[in-house]
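The values are calculated or read from the model by the stated rules, or taken from the named source; none is laboratory data. None of the values given here were measured: they were computed from a predicted structure. FYI the Cβ positions are ideal-geometry reconstructions off the backbone, even for glycines, and counts take in every protein chain you see. The protein model used for the area step is the full one, side chains on, heavy atoms only, and it has no ligands, DNA or RNA in it. Shrake-Rupley method; radii C 1.70, N 1.55, O 1.52, S 1.80 Å.
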Amino acid sequence: MSLTIFPPRPAPVVPVVGGTGGFPVARIFCVGRNYAGHAAEMGHEVDREAPFYFTKSAHAVLLSGQDMPYPPRTQDLHHEMELVVAIGAEATDISQSDAMGIIAGYACGLDMTRRDLQAAAKDKRRPWDTGKDFDNAAIIAAITPAADMPDLADLPIMLSVNGETRQQAVLADMVWSVAEIIADLSTLYKLMPGDLIMTGTPAGVGPVVRGDLMEGRIGDLAPVIVRVV
Ligand code: MN
């Protein structure tokens, strides 16, 4: 028996649609600038040479349906609506043609961002962590098993705030496809069951304030619905 000086903090568990068990989260990888429209609104061009990534702690997960307390040290909390890919098998250096086979399922997610802190970090060429990886910054809805999914590219992705549409695109607008992202990430990390990938946001990101209701949808996936309080 091994003793710890306090109980280990349990991994957040994301519900699985129609499932009897949930998905325990290990790591969260996030893709930067994966829609040309969003890259442009942030003052960048898409880099077609390679995708780039940042990460969030598993303990930043907030499940859809819960309230998001407005986070500290920001005046500019932004929504970024994203397709989340849930990894269900190990993979290293996996080919694009095999990449889809390690996916357990898909979910709607929100990459919440303290944009003012991120912008300050960019200005000083510092890491993005405080802008991107903070409490409740990775909002995840229930995961739909991959076997139940239609062709991804055709699916619309949208986000409304208080019923007003803010972001709207189709997954085919992604610069890097899900298969390309998984193949590339697997050259940097040994992907493992429990890993989540947030695949980037379309144009239309913007601020939310206390009282706002965010509602994000991708096709028939379980929607992500969260109020900022
Ligand atoms: Mn994002």
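In nm, to one decimal, how far is the modelled label at Asp154 from the one at His44, with both set 7 Å along Cα→Cβ?
3.2
Please quote Rg/Rh for the chain to two decimal places, taking the Kirkwood radius as Rh and restricting both calculations to Cα atoms.
The Rg/Rh ratio comes out at 0.95.
Accessible area per residue for the range 13-227 in Å², computed with a 1.4 Å probe and the full protein assembly in place, what is it?
Normalised by residue count, the accessible surface of the range 13-227 is 44 Å².
FRET efficiency for Gln168 and Ala119, Cβ-Cβ distance as r, R0 = 41 Å, nearest 0.05?
The value I calculate is 0.95.
HN-Hα J couplings of the range 127-132 from phi, Karplus 6.51/-1.76/1.60, θ = phi - 60°, integer Hz, Gly and Pro as x?
Each residue of the range 127-132 in turn: x, 8, 3, 6, x, 10 Hz.
With unit charges on the beta carbon (Lys/Arg positive, Asp/Glu negative), name the residue among Met112, Pro7, Ala39 whose Cα is farthest towards the positive pole of the charge dipole of the range 1-138.
Pro7
Between Ile5 and Asp76, what is the spin-label point distance in nm, taking each point 7 Å from the Cα along the Cα→C-beta axis?
4.0
Under a 10 Å cutoff between Cα atoms, tell me which one of Met149, Met192, Met68 has the largest fluctuation in the Gaussian network model of the chain.
Met149
Quick check for me: using +1 on Lys/Arg Cβ and -1 on Asp/Glu Cβ, what's the dipole size of the range 13-227 about its Cα centre, in debye to the nearest 20?
Here the size comes out at about 740 debye.
Relative contact order (percent) for the range 102-229, with alpha-carbon contacts under 8 angstrom and 6 or more residues of separation?
Relative contact order, the range 102-229: 29 percent.
Could you work out how far the C-alpha centroid of the range 168-204 sits from that of the range 41-70, in angstrom?
11
Between Asp212 and residues 5 or more places away or on another chain, which pairs have amide H atoms under 5 Å apart, with H built 1.01 Å from N, and which residues are they?
Amide H neighbours of Asp212, under 5 Å, 5+ apart: Val228.
Go through 39-45, 77-83, 220-226 and give me the packing order, highest mean Cβ count within 10 Å leading.
Ranking the peptides 39-45, 77-83, 220-226 by packing returns 77-83, 220-226, 39-45.
Quick check: at a probe of 1.4 Å, how many percent of the accessible area of the chain sits on carbon and sulfur atoms?
Carbon and sulfur together cover 52 percent of it.
Along the positive direction of the dipole of the chain (beta-carbon charges: Lys, Arg +1; Asp, Glu -1; about the Cα centre), which of Tyr53, Gln75, Ile157 reaches farthest?
Projecting each Cα onto the dipole axis, the largest value belongs to Gln75.
Which loop-located trypsin sites (Lys or Arg not before Pro) does the range 100-201 contain, where loop means any DSSP state but H, G, I, E or B and the Cβ has at most 15 other Cβ atoms within 10 Å?
Sparse-neighbourhood loop trypsin sites (Lys or Arg not before Pro): Lys124, Arg125, Lys190.
Are there GluC sites (Glu not before Pro) in the range 84-192 that DSSP marks as loop and that have at most 14 other Cβ atoms within 10 Å, and which are they?
Glu90
What list of ³J(HN,Hα) couplings, whole Hz, do you get for the range 134-143 from phi and the Karplus terms 6.51, -1.76, 1.60, once you set θ to phi - 60° and write x for glycine and proline?
9, 4, 6, 7, 10, 8, 10, 8, 4, 8
Over the chain, what is the relative contact order in whole percent, taking alpha-carbon pairs under 8 Å and six or more residues apart?
31
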